[in-house]
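Working notes, structure below.
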Ligand code: ABU
């Protein structure tokens, strides 16, 4: 019973060791119960409440912040309730997001970094983590296909920021004066990305002062892959209008369809026009770990930069994202400010290991550790098997959808990644001819089923419209805990929830 114990009684308070141990052990018990329940199919994926219900407080769980400290019994209740009203993203039937799963070694890694509570900016305060980052980046670069002598990179908060780095560094590579003189000293730059690519390319162009209107959106084929001839004609057209094309983003694993752009054809075009080629492999990068699937990224070795998020397909706890840059020195040159209080050059060690000035952040979390620890615990082969399993699940779902008359596939081909996109056709729409009326009604089906799904809490998958396609479900597999029985359940449950 912790009802008369307060945080001031824990370490570093004198004599606080025993109570600290007891409190943390109780917390570990709460987390172990959560982890165990998250993998049980009898548990709900979520216990949904509307924002106003959570804001008002539920069964003693209040978000209000007190002036006087709560006792540790209440703090433990708050920890339980926080997990209770959250979403079990490690549940085998959580299929909503590209990042999912609950890897025990990854969790252990995250716990350790909180206890270590240090900052990635200098070797002085993060000697081990800085060297782990170096080893991981080298390993990832060699898997991408770059030689040992080249390559640089940094771990940063998520794929959007990794993509932003790629544009920042590309611009600096062609126009180093931008760092001091700003965009006013540059011509009007043009960037190219496919219509299925991630919105972070446009967001980065806005953030970096280039403007989203100067991001040219290249057409995709039916399968969601960038069409190279359309890319080249867009580049030529932009040049004719007086713009300077400098950057192409190719995607390896698009967010919705899981499509892989033709990297070699795009690399040829970038080479012809002397443009920076970036590959956003935030989602698809994990396939490089699988001997069976890595050929889908053929040509990635020709990229000048690569985004790769181990927190997606490799199941590393959020967040863990890398930007890899082929040419060494650019990240440092581009971002270095040399703050004297942090990056002194007369320290008693090789200050090249004070890598923090490569970053646009100052403070930076040790995201590398959980990845390093998981890599040690699984080996490259273990990650490969995990990826294979997720793609087998996607193929199984694809096969089941082909057999069922109450479902339609959004595209006919076998999935390349673990994304499977489909419509559920409720009985009332089954006899309707294709056309506007059917589309308008079909558009409402997925959101309605999703609402019922959230209320019931039995599973979670996402939906969206895309281009001319009305709302459809996107199922993604990145949690190796998901089995074929969960896929059967998914289809049966959507059919149940979708009853008119
Ligand atoms: N753009 C990153 C995450 C998207 C998703 O999980 O659906």
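Just so it is clear, none of the values below were taken in a lab; they were calculated from the coordinates. Just so you know, these numbers come straight off a predicted model, no measurement behind them. Backbone-built Cβ (ideal geometry, glycine too); neighbour counts: all protein chains shown.
Estimated from helices alone, the mean residue ellipticity of the chain at 222 nm is -12500 deg cm²/dmol (sum of -39500 (n - 2.57) over DSSP H runs with n ≥ 4, per residue).
Set the Cα radius of gyration of segment 247-288 against 2.2 N^0.38 Å, with N its number of residues, and you get 1.16.
Sort segment 7-88 into rounded, prolate or oblate with this rule: let a ≥ b ≥ c be the square roots of the eigenvalues of the Cα gyration tensor; rounded if a/c is under 1.5, and if a/c is not under 1.5, prolate when a/b is larger than b/c, oblate otherwise. Before the final figure, lay out the partial values.
Numbers: a/c = 4.24, a/b = 1.38, b/c = 3.06.
Note, shape of segment 7-88 comes out oblate.
Would you compute the Debye intensity of segment 114-375 from its alpha-carbon atoms alone, equal scatterers and no solvent, and pass along log10 I(q)/I(0) at q = 0.13, 0.14 Å⁻¹ to two decimals? Here the Debye-derived log intensity ratios amount to -0.81, -0.94.
Neighbour counts of C-beta atoms inside 10 Å place 212, 320 in the sequence 212, 320, starting with the fewest.
Eigenvalues of the Cα gyration tensor times 5, then square-rooted: what semi-axes does that give for segment 282-355, in whole angstrom, largest first?
Ellipsoid semi-axes (Å, largest first): 33, 15, 10.
For segment 2-42, the Cα gyration tensor yields ellipsoid semi-axes of 29, 9, 6 Å (square root of five times each eigenvalue, largest first, whole Å).
Residues 85, 463, 247, ranked from the fewest to the most other C-beta atoms within 10 Å, line up as 85, 463, 247.
Quick check: the distance between the Cα centres of segment 376-392 and segment 153-175, to the nearest angstrom? Each part reduced to its Cα centre gives a spacing of 28 Å. Over segment 253-406, the hull volume per residue, using the convex hull of the C-alpha atoms, is 157 Å³.
Spherically averaged projected area of the convex hull of Cα atoms, segment 197-279: 5.2 nm². Computing Rg and the Kirkwood Rh from the Cα coordinates of segment 189-337 gives a ratio, Rg/Rh, of 0.96.
Hey, what's the Cα Rg ratio for the chain versus the globular rule of thumb, 2.2 N^0.38 Å?
Relative to the rule-of-thumb radius for its length, the chain sits at 1.06.
How many angstrom lie between the C-alpha centres of segment 104-149 and segment 208-242? Their Cα centres are 36 Å away from one another. Shape analysis of segment 431-488 places it in the prolate category; the axes a ≥ b ≥ c from the Cα gyration tensor give an a/c of at least 1.5, with a/b above b/c. When the square roots of the Cα gyration tensor eigenvalues are ordered a ≥ b ≥ c, the ratio a/c for segment 318-396 is 1.5 or more and a/b exceeds b/c, which makes its shape prolate. Calculated from the alpha-carbon coordinates, segment 378-500 shows an Rg and a Dmax of 15.2, 53 Å respectively.
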